[in-house]
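Worksheet: one structure, shown below.
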Amino acid sequence: TSVLEFDDVAASWPDTTRLAVRDVSLRLRAGEQAVITGPSGSGKSTTAALAARFLDPVHGSVRIDGTDLRAADPGRVREIVTVVDQDAHLFDATIRENLRIGRPDASEDDLWDALEAVSLGTWVRSLPHGLDTPVGVAGDAVSGGEGQRICLARGLLSRAPVLVLDEPTAHLDADTAAAVLDRLRARLDGRTVLWIRHDAGEPPATEDQKRENELVRIA
Ligand code: ADP
Ligand code: ADP
């Protein structure tokens, strides 16, 4: 069965009449990865919001492990789907505390492993207070790119079986983006991942997965 399944989904945001997405169907089995691409405003982030049930469809259904999200307990949805937004959402706390939010039991090694997967290991080690560095209110003590990568590292630490990564390199320069994508791909091999990117590129997966992947393009 599919871990994540969209069946002919249409959705509108509150206080709007036009559909933000329509006719979206996709299926991800355990360990599969897919890429959603489309131009700005085509509904990619709306699709991520639907997968996390931040929004409900007006037509069709979103299912996780066969259960319609509308019938699922919100806590259960968060256990199953982790969405990493394209903008950083950090708490006014230290890097370590931000990383541990979803995984209080994560070991120091787990934290460094996740930071290295987003190429932040050297940067955090270079900070005078290391992992105990505060990120500031709304993350304003770190750059947009650093904040987004801290959020990505937090997503990697999540035990949720489905990971949705919304433009994971949106705030990075091209070289850093390429390095981070390489590391993320390697790190996420075997996990169920919905990647969202505005440009159609190589599907971020191994050769075997590429053959299986459906490339979902939304108008
Ligand atoms: P993309 O991620 O592909 O750029 P979005 O899903 O953000 O596209 O946008 C699709 C449509 O939904 C757009 O018309 C956008 O203005 C609208 N939209 C997106 N997010 C919101 C929101 N939080 N509230 C209201 N409308 C939104
Ligand atoms: P660590 O592996 O110790 O955590 P980082 O992940 O931060 O260290 O990366 C180590 C160094 O290598 C950093 O300076 C990073 O910018 C650089 N780096 C990593 N990958 C690439 C790459 N593909 N191209 C260029 N520089 C890279």
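Coordinate-derived values only; no laboratory data. Nothing here was measured: the structure is a model prediction, and the numbers come from that model. Virtual Cβ from ideal backbone geometry, glycine too; neighbours counted across all protein chains shown.
With no solvent and one equal point scatterer placed on each C-alpha of region 126-185, evaluate the Debye formula and give log10 I(q)/I(0) for q = 0.22 Å⁻¹, two decimals. Those come out to -1.02, one per q. Radius of gyration over Kirkwood radius for region 95-134, both on Cα atoms: the Rg/Rh ratio is 0.94. With contacts taken as Cα pairs under 8 Å at a separation of at least 6 residues, the chain carries a relative contact order of 29 percent. Each of Thr176, Thr17, Thr47 was scored by other Cβ atoms within 10 Å of its Cβ. Arranged with the fewest first, they read Thr17, Thr176, Thr47. Of the residues Leu115, Leu55, the one with the fewest other Cβ atoms within 10 Å heads the list, and the complete ranking is Leu55, Leu115. Calculated over region 19-74, the projected area of the Cα convex hull averaged across directions stands at 4.2 nm². According to the Kirkwood relation over distinct C-alpha pairs, the hydrodynamic radius of the chain is 17.8 Å.
Our analysis of region 1-104 gives Rg over Rh at 0.99, with the two radii drawn from alpha carbon positions and Rh computed by the Kirkwood formula. Count Lys and Arg as plus one, Asp and Glu as minus one, and take only other residues whose Cβ is under 15 Å from that of Asp105; the net charge is then -1.
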